[in-house]
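The values are calculated or read from the model by the stated rules, or taken from the named source; none is laboratory data. Source: prediction; values computed, not measured. Cβ placement follows ideal geometry from the backbone for every residue including glycine, while neighbour counts extend to all protein chains displayed.
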Amino acid sequence: LAELTYRCPLQCPYCSNPLDFSTQAQELSTAQWIEVFRQARAMGSVQLGFSGGEPLLRKDLPELIAAARGMGFYTNLITSGIGLSEKKLHTFADAGLDHIQISFQASDPELNAALAGNEKAFHQKLAMAKAVKALGYPMVLNFVLHRHNIDQIDRIIALALQLEADDVELATCQFYGWAQLNREGLLPTREQI
């Protein structure tokens, strides 16, 4: 998993980014990431996920995808979908991207907006999930489960079926970074368990 950047347009309380991520202005350069990929491939890695933060904020993402595919990696973009467009999807396909995962915060627009700190995020995610599917990519929906959405699993599955997702990932919170800071508000209640 290549966490290309900590930058992100969302403000999810369960984010595992470091608390001081805004002070970490230095990111690896394109050449440095390509060298990391080369070393990982030499050690036997066969799949490479592009993650963040939000990897779409890297202007060199198409170049990184192409470099990874050129080394023989199966490539996967893990994104919030914010900043994604059909044009970028075509660019990524041309670069050799194999797979896309779109992260949702909840199965409804209101809770999604409250958790992401972005009123338009849910509808952008829906539109991009449909575009991903229309272009023939394998499409996975990701949901991090916590106190605020764990009761929505049936609606999460219904949304995945509606969008014809190839898979759904129901992940647990990784309690470090912001998620550790917000732990008390994220842990499911005894009744929810």
Query - Tally, over the range 150-193, of residues that are buried (at least 17 other Cβ atoms within 10 Å of the Cβ), under 19 Å from Asp108 (Cα atoms) and touching a Lys or Arg at 6+ places or on another chain (Cβ under 9 Å) - result: 3
Query raised in the report: Residues of the range 53-79 being touching a residue at least 24 places away in the same chain (Cβ under 8 Å) and under 16 Å from Arg7 (Cβ atoms), which ones?
Result: Gly53, Glu54, Pro55, Leu56, Leu57, Arg58, Asp60, Leu61, Leu64, Leu77, Ile78, Thr79
Query raised in the report: Could you say which residue among Ile65, Ile153, Ile157, Ile78 is within 14 Å of the chain's Cα centre (by Cα) and either on the phi < 0 side of the Ramachandran plot or at pLDDT 95 or above (or both)?
Result: Ile78
Query - Candidate set: the range 97-130, residues that are over 18 Å from Ile156 (Cα atoms) and out of contact with any Phe, Trp or Tyr (no Cβ under 9 Å at 6 or more places or on another chain); chosen: the one surrounded by the most Cβ atoms within 10 Å (Cβ to Cβ) - result: Asn118
Query raised in the report: Hey, does the range 54-62 have a residue that's under 15 Å from the mean Cα position of the chain (by Cα) and either farther than 29 Å from Glu35 by Cα or surrounded by fewer than 22 Cβ atoms within 10 Å (Cβ to Cβ) (or both)?
Result: yes
